[in-house]
1. Does the stretch 50-83 hold any residues that are more than 25 Å from residue 14 (Cα to Cα) and either at pLDDT 85 or above or in a loop (DSSP other than H, G, I, E, B) (or both), and which are they?
2. Hey, any hits in the stretch 7-30 for a residue that's in contact with a strand residue (DSSP E or B) (Cβ under 7 Å, 6 or more places away or on another chain), touching a residue at least 12 places away in the same chain (Cβ under 8 Å) and exposed (fewer than 14 other Cβ atoms within 10 Å of the Cβ)?
(Lines give C-alpha, C1' and ligand atoms only; values in the text may rest on other atoms or scores of the structure.)
Protein backbone atom coordinates (compact mmCIF):
# COMPACT_ATOMS: atom_id res chain seq x y z
CA UNK A 1 0.00 0.00 0.00
CA UNK A 2 1.10 3.55 -0.59
CA UNK A 3 0.19 6.62 1.45
CA UNK A 4 0.10 10.18 0.08
CA UNK A 5 -0.26 13.16 2.38
CA UNK A 6 -0.54 16.71 1.08
CA UNK A 7 0.33 19.76 3.15
CA UNK A 8 -0.92 23.17 2.00
CA UNK A 9 0.46 26.45 3.22
CA UNK A 10 -2.13 28.95 4.36
CA UNK A 11 -2.83 31.58 1.74
CA UNK A 12 -2.03 35.12 2.78
CA UNK A 13 -5.03 36.89 4.24
CA UNK A 14 -7.00 33.67 4.85
CA UNK A 15 -8.29 32.44 8.18
CA UNK A 16 -8.78 28.90 9.44
CA UNK A 17 -12.51 29.29 8.78
CA UNK A 18 -11.81 30.30 5.16
CA UNK A 19 -9.77 27.11 4.71
CA UNK A 20 -12.41 24.90 6.30
CA UNK A 21 -15.04 26.36 3.98
CA UNK A 22 -12.83 25.62 0.96
CA UNK A 23 -12.29 22.02 2.08
CA UNK A 24 -16.01 21.51 2.71
CA UNK A 25 -16.89 22.99 -0.70
CA UNK A 26 -14.42 20.67 -2.46
CA UNK A 27 -15.31 17.49 -0.55
CA UNK A 28 -18.12 16.37 -2.93
CA UNK A 29 -15.64 16.35 -5.84
CA UNK A 30 -13.67 13.61 -4.10
CA UNK A 31 -16.45 11.19 -3.22
CA UNK A 32 -15.84 7.67 -4.46
CA UNK A 33 -12.29 8.47 -5.58
CA UNK A 34 -10.28 5.32 -5.00
CA UNK A 35 -7.38 6.26 -2.79
CA UNK A 36 -6.71 9.92 -1.98
CA UNK A 37 -4.67 9.03 1.08
CA UNK A 38 -4.22 5.24 0.73
CA UNK A 39 -3.35 3.85 -2.71
CA UNK A 40 -2.59 0.38 -4.02
CA UNK A 41 0.73 1.69 -5.37
CA UNK A 42 2.76 4.85 -5.93
CA UNK A 43 2.02 4.52 -9.65
CA UNK A 44 -1.73 4.62 -8.94
CA UNK A 45 -1.30 7.75 -6.83
CA UNK A 46 0.89 9.39 -9.48
CA UNK A 47 -1.75 8.66 -12.13
CA UNK A 48 -4.38 10.52 -10.11
CA UNK A 49 -2.18 13.41 -8.95
CA UNK A 50 -1.34 14.47 -12.50
CA UNK A 51 -0.85 17.91 -14.10
CA UNK A 52 -4.60 18.44 -14.42
CA UNK A 53 -5.09 17.74 -10.71
CA UNK A 54 -2.16 19.99 -9.84
CA UNK A 55 -3.54 22.84 -11.95
CA UNK A 56 -7.04 22.57 -10.49
CA UNK A 57 -5.71 22.30 -6.94
CA UNK A 58 -3.42 25.30 -7.46
CA UNK A 59 -6.43 27.29 -8.70
CA UNK A 60 -8.60 26.28 -5.75
CA UNK A 61 -5.89 26.99 -3.21
CA UNK A 62 -4.76 30.18 -4.94
CA UNK A 63 -1.32 28.69 -5.71
CA UNK A 64 -0.47 28.19 -2.06
CA UNK A 65 2.67 26.12 -1.65
CA UNK A 66 1.91 22.39 -1.50
CA UNK A 67 4.16 19.65 -0.18
CA UNK A 68 3.59 16.00 -1.10
CA UNK A 69 4.80 13.30 1.28
CA UNK A 70 4.86 9.67 0.12
CA UNK A 71 5.17 6.59 2.31
CA UNK A 72 5.06 2.87 1.63
CA UNK A 73 3.00 0.90 4.15
CA UNK A 74 3.78 -2.82 4.50
CA UNK A 75 0.32 -3.42 5.95
CA UNK A 76 -2.80 -1.52 6.90
CA UNK A 77 -5.10 -2.30 9.82
CA UNK A 78 -8.75 -1.63 8.92
CA UNK A 79 -10.14 -1.46 12.44
CA UNK A 80 -13.77 -0.75 11.54
CA UNK A 81 -13.96 -3.89 9.40
CA UNK A 82 -11.58 -5.83 11.67
CA UNK A 83 -9.13 -6.83 8.97
CA UNK A 84 -5.47 -6.42 8.10
CA UNK A 85 -4.50 -5.64 4.52
CA UNK A 86 -1.01 -6.72 3.54
CA UNK A 87 0.86 -5.52 0.48
CA UNK A 88 1.03 -8.26 -2.16
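The values are calculated or read from the model by the stated rules, or taken from the named source; none is laboratory data. Just so you know, these numbers come straight off a predicted model, no measurement behind them. For neighbour counting, all protein chains shown are included, and Cβ atoms are generated from backbone atoms with ideal geometry for every residue, glycine included.
1. 50, 51, 70, 71, 72, 73, 74, 79, 80, 81, 82
2. Yes, the stretch 7-30 contains a residue that is in contact with a strand residue (DSSP E or B) (Cβ under 7 Å, 6 or more places away or on another chain), touching a residue at least 12 places away in the same chain (Cβ under 8 Å) and exposed (fewer than 14 other Cβ atoms within 10 Å of the Cβ).
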